[in-house]
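All remarks here apply to the structure that follows.
The values are calculated or read from the model by the stated rules, or taken from the named source; none is laboratory data. None of the values given here were measured: they were computed from a predicted structure. Note: ideal-geometry Cβ built from the backbone for every residue, glycine included; neighbour counts use all protein chains shown.
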């Protein structure tokens, strides 16, 4: 089996090399075009003429200092810790200091985050569980310049999908009324990101060389194809070349990422870390005149034969059609060797359409999906749910406690979707979402289900958000002679942002 795996890895490496070679002419052409334009401008006009022209042109910006117009705006909420330049503040910037490379750094330190606490209850055919659950997301952001920063993230109240909570009402066997503590000091994010061209500006004083290569290294959140392909925090490093302009495009971005640790694998909606997994990804985005095209290819390698190796790919197009915002996504996964619970063969077609009705600030959306066999994401975190979470609030994981999504987000032999409407109450900070979602199994071993969810959100003060969910639905039972299962539930959540 390992010989076959080695052959597959060699084939994948050849595939990535072929794609790179295909992209190379376009990248080279864009770089030569930018360089030629710069040289032509200097030869034709000269530096002195350019300076004089900028000083005398009628459209030149005035030297008059006009204060920021803040009348009628609320004061800026301060983070709990703020050292150095104030975040989104006003006034004269400090001079900072110059590195030996020529870069100017102006360090500032921010500590911010959110605390979520919720009382939630769900009942399925008389089986009931009620709990109080908590989650704290804490971030330390050391901003060094406009492009360089170090980020540290902690989630001290949850770990591996388990949350600090208290179950106060349960009639389910094996689930007692008790307090569950998940206090920990595990670091969930720790990464540095920057740009070579900004750190070493002396390498291209005129900024015409291809030195603007972004990079990142460390444990970092990854979200691609809107979380359908990748939704996880992974230890790895990535390199990005942006602002390229192949013919008939306005921008082209390509990223190569290697993840060597903390790769989560999904199995039937249960996501678990694969200690031996590595992830290799080629991620691209192209802006056309009427659409944005994302094309991504990911290979996941594992030494655990129970997990298996996996190749996944996704292509999406995002655009406006008339007054509607639309997106079309086609994703596929293929087990390199035999299929396992974590590496499956499947195809997923996903569509989204939304628009704002005339003379209104409200929002209407309609999303659909169709999964043939079972599509496996390349990587999913323990609280991320399944690939279909993007379909709507009936499918999305709450990410807090044991309260699951009303409808399964597993992409296995199923078709369905969600239709919803979001009201923004005029001149208030309140909104209401009402959504109807459904799943129809295309094979006998996949149950049909339907659910309706209403979510009310209201902001008050400068840092608090109240969220109220009400859920009801019905799920088909696959057991012989058993009737359909009714389920309902509710949540009351308070979010503190600081």
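Summary table
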{"read-out": "Which listed residue, of 226, 198, is out of contact with any strand residue (DSSP E or B) (no Cβ under 6 Å at 6 or more places or on another chain), at pLDDT below 95 and farther than 22 Å from residue 157 by Cβ", "value": "198"}
{"read-out": "Those residues of segment 173-202 which are in a loop (DSSP other than H, G, I, E, B) and touching a residue at least 24 places away in the same chain (Cβ under 8 Å), in sequence order", "value": "175, 182, 183, 184, 185, 186, 200"}
{"read-out": "Residues (in contact (Cβ under 8 Å) with a residue 12 or more places away in the chain and out of contact with any helix residue (DSSP H, G or I) (no Cβ under 9 Å at 6 or more places or on another chain)) located in segment 97-113", "value": "105, 106, 107, 108, 109, 110, 111, 112, 113"}
{"read-out": "Residues located in segment 217-234, provided they are over 16 Å from the mean Cα position of the chain (by Cα) and either in contact (Cβ under 8 Å) with a residue 60 or more places away in the chain or surrounded by 17 or more Cβ atoms within 10 Å (Cβ to Cβ) (or both)", "value": "218"}
{"read-out": "Residue check, residue 248 at pLDDT below 95, part of a loop (DSSP other than H, G, I, E, B) and over 24 Å from the mean Cα position of the chain (by Cα)", "value": "yes"}
{"read-out": "Test: residue in segment 462-477 that is at pLDDT below 95, out of contact with any helix residue (DSSP H, G or I) (no Cβ under 8 Å at 6 or more places or on another chain), over 30 Å from residue 139 (Cβ atoms) and not in a strand (DSSP E or B)", "value": "yes"}
{"read-out": "Segment 142-155, subset over 21 Å from the mean Cα position of the chain (by Cα) and modelled with pLDDT of 95 or more, residue surrounded by the most Cβ atoms within 10 Å (Cβ to Cβ)", "value": "144"}
{"read-out": "Residue count, segment 247-270 (criterion: surrounded by 17 or more Cβ atoms within 10 Å (Cβ to Cβ) and under 21 Å from residue 287 (Cβ atoms))", "value": "4"}
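Okay, residues lined up against (1) at pLDDT 95 or above; (2) in contact with a helix residue (DSSP H, G or I) (Cβ under 7 Å, 6 or more places away or on another chain); (3) closer than 30 Å to residue 425 by Cβ:
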site: 309; (1), (2), (3): yes, yes, no
site: 321; (1), (2), (3): no, no, yes
site: 327; (1), (2), (3): yes, no, yes
site: 346; (1), (2), (3): yes, no, no
site: 358; (1), (2), (3): no, no, yes
site: 363; (1), (2), (3): yes, no, yes
site: 367; (1), (2), (3): yes, yes, yes
site: 375; (1), (2), (3): yes, yes, no
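Let's see how each residue does on (1) free of Cβ contacts under 8 Å to residues at least 60 places away in the same chain; (2) part of a strand (DSSP E or B); (3) touching a helix residue (DSSP H, G or I) at 6+ places or on another chain (Cβ under 7 Å):
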{"site": "404", "(1), (2), (3)": "no, no, no"}
{"site": "409", "(1), (2), (3)": "no, no, yes"}
{"site": "415", "(1), (2), (3)": "yes, yes, no"}
{"site": "418", "(1), (2), (3)": "yes, yes, yes"}
{"site": "426", "(1), (2), (3)": "no, no, no"}
{"site": "431", "(1), (2), (3)": "yes, yes, no"}
{"site": "440", "(1), (2), (3)": "yes, yes, no"}
